[in-house]
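Inspection log for the structure reproduced underneath, given as structure tokens.
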Amino acid sequence: MNLQEMLDQAATGTVHVQEGWGQGRATYGGLVAGLAHAGLRGQFVDAPPLRHLMVSFVAPLAPGDAQIEVTPLRQGKNATQAQAHLVQDGQVVAAVLAAFGRERESAISVPHETVPMPQLPEPESIEPFPHIPGATPDFFQHVELRLADGAVPYTGADTSHMHGWMRFREAPPVFDERHFVTLGDAWPPAVIQMLSQFAPGSSLTWSLEITEDVAAEPDTHWAYAVRTDRAEGGYAHTDARIWHPDGRLVAISRQTVAIFG
């Protein structure tokens with residue numbers, strides 16, 4: 001079962017999570033969020049564009065059957081808010097809050113150029129992170145990450161930022177919100193490049209704010225930049241931006257990451 005089939009299935013409220021999307025003992029967090037979002041979209045087909053998604057990764061999601069339980073919180077004229085629980089074997093493994101909102105007239109306008117896209121080499125000039133079975137996360141076989149600045153994980157670097165490009169290795173038939181949410185969490189925690197040997201790290205929470213329409217050509221390379229604001233006591237706090245290749249800022253991503261090393 002490929003990504004599109006899982007997303008389509010999740011819209012019905014039940015999904016079979018395919019093997020090959022793991023990171024450590026858990027399913028890749030972006031897929032967890034993407035499935036929950038697909039479940040929400042299945043219940044709110046006519047909802048306006050997604051504005052904000054807040055994900056709490058409660059427990060590991062394993063390959064196999066899972067359910068998406070959706071609870072409407074409020075449906076207004078311009079905004080819809082809802083909650084989704086991803087449930088497996090009777091346990092909540094992820095809790096998601098989503099806010100959808102229509103555009104409205106406003107005298108306020110701060111252009112996307114306020115946060116400019118970093119100057120990056122052409123994507124094809126950078127070798128993507130490899131997928132090495134048993135050494136890199138399983139889901140790397142599905143996503144293509146090209147690092148332009150920063151360091152590879154577990155290399156003892158003195159940097160804690162990453163700039164680069166991302167897309168799916170196999171382009172989906174279409175690219176919409178569901179795919180963007182699934183792709184948006186693909187980069188490893190930026191801080192783990194500072195470790196000199198392997199130690200697990202996992203997202204505790206993820207906040208994704210979408211600032212513009214993310215529908216695009218399925219093979220689009222998206223520019224990504226993340227910095228670590230603070231890391232102490234086994235937790236790191238990161239702040240990221242995602243741009244369309246034409247320079248439009250389309251999303252703001254924030255994470256709290258647990259580091260076991």
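The values are calculated or read from the model by the stated rules, or taken from the named source; none is laboratory data. Model, not experiment: these values are computed from the prediction. Quick reminder, even Gly has a Cβ in these numbers, built from the backbone with ideal geometry, and neighbours come from all protein chains shown. We work out accessible area using only protein heavy atoms, side chains counted, and drop any ligands, DNA or RNA first. Shrake-Rupley method; radii C 1.70, N 1.55, O 1.52, S 1.80 Å.
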Task: When region 172-261 is reduced to its Cα atoms, the Kirkwood hydrodynamic radius in Å - done: 14.0 Å
Task: Rg/Rh (Cα only; Kirkwood hydrodynamic radius) as it applies to region 182-222 - done: 1.07
Open item on the list: Is there a quick way to get the dipole size of the chain? I mean about its Cα centre, with the Cβ of Lys and Arg at +1 and of Asp and Glu at -1; what is the value in debye to the nearest 20?
Closed with: 680 debye
TODO: Once you have the Kirkwood Rh of region 1-51 from its Cα pairs, apply Stokes-Einstein at 37 °C and 0.692 mPa s and quote D in µm²/s.
DONE: 287 µm²/s
TODO: Sticking to Cα atoms, compute the Rg of region 77-172 to one decimal and its Dmax as the biggest Cα-Cα distance, whole number, in Å.
DONE: 19.5, 53
Open item on the list: What Kirkwood Rh does region 159-198 have if only Cα atoms enter the pairwise 1/r average? Answer in Å.
Closed with: 12.2 Å
Task: Overall dimensions of region 43-92 by Cα: Rg and Dmax, Å - done: 13.0, 38
Open item on the list: At a threshold of 8 angstrom on Cα-Cα distance, excluding pairs fewer than six apart, so keeping six or more, what relative contact order does the chain reach in percent?
Closed with: 18 percent
- [ ] Check each of the trypsin sites (Lys or Arg not before Pro) in region 1-96 and keep only those in coil by DSSP with at most 10 other C-beta atoms within 10 angstrom; list them in order.
- [x] Arg25, Lys77
Open item on the list: Once the cut-off is 26 Å, how many percent of the Cα-Cα pairs in the chain end up in the long-distance tail?
Closed with: 38 percent
Task: Gain upon complete extension [Asp149, Thr211; 0.36 nm per residue less C-alpha separation] - done: 19.9 nm
Task: Ratio of Rg to Rh over region 1-116 (Cα coordinates, Kirkwood Rh, two decimals) - done: 1.05
TODO: Using a 10 angstrom cutoff on alpha carbons, build the Gaussian network for the chain and name the most mobile of Ala107, Ala38, Ala157.
DONE: Ala107
TODO: With θ set to phi - 60°, apply the Karplus curve 6.51 cos²θ - 1.76 cosθ + 1.60 along region 32-37 and write out the HN-Hα couplings as whole Hz, x wherever there is a Gly or Pro.
DONE: 4, 5, x, 5, 4, 5
Task: Loop-resident sites, region 101-189, for GluC sites (Glu not before Pro), counting at most 16 other Cβ within 10 Å (DSSP) - done: Glu103, Glu105, Glu170
TODO: Could you check how much of the accessible area of region 131-219 is carbon and sulfur, as a whole percent, using a 1.4 Å probe?
DONE: 51 percent
Task: Sparse-neighbour loop sites [trypsin sites (Lys or Arg not before Pro); region 97-203; at most 15 other C-beta within 10 Å; DSSP] - done: Arg102, Arg104, Arg169
